[in-house]
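The values are calculated or read from the model by the stated rules, or taken from the named source; none is laboratory data. All figures in this text were calculated on a predicted structure; none of them were measured in a lab. In this analysis, Cβ positions are derived from the backbone assuming ideal geometry, glycine residues included, and neighbour counts consider all displayed protein chains.
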Amino acid sequence: MSSVVAAGAIPVLVQLLSSPHEEVCEQAGWVLSNIAGEDSESRDAVLDADALPPLLELCAPDAKLPLLRITAWLLQNLCGSVTQCQCGLDS
């Protein structure tokens, strides 16, 4: 687990996904994607911080391409191991 995760940054970064400033959302998504891509423990920590709802809100029809790319990258890292990832979605 990285020192960023150990310092408790994930909940703050998840909150930043709801910022009204697109650049802040992009940067928070970028960092969360890097964290989620580290290992399954880090990925689970991002999911446990309830990152999925604000992340999906960023997929608005008027979202700019750079934000959508980062959002897609984070979603990919959150579901990196589909057999192990239970993203809180009911089937």
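Worth a mention:
- Scoring C25 on the criteria (1) in a loop (DSSP other than H, G, I, E, B); (2) surrounded by 16 or more Cβ atoms within 10 Å (Cβ to Cβ) leaves a single failure, condition (1).
- Residues that are without any contact (Cβ under 8 Å) to a residue 12 or more places away in the chain and surrounded by 12 or more Cβ atoms within 10 Å (Cβ to Cβ) within region 49-62 comprise just one, L56.
- Identity of the residue in region 40-84, farther than 19 Å from P11 by Cα and of a type in the set (S, T, Y), that ends up nearest to the chain's Cα centre (by Cα): S81
- Selection within region 6-22: residues that are part of a helix (DSSP H, G or I) and over 21 Å from A60 (Cβ atoms). The member of this set that is modelled with the lowest pLDDT is A6.
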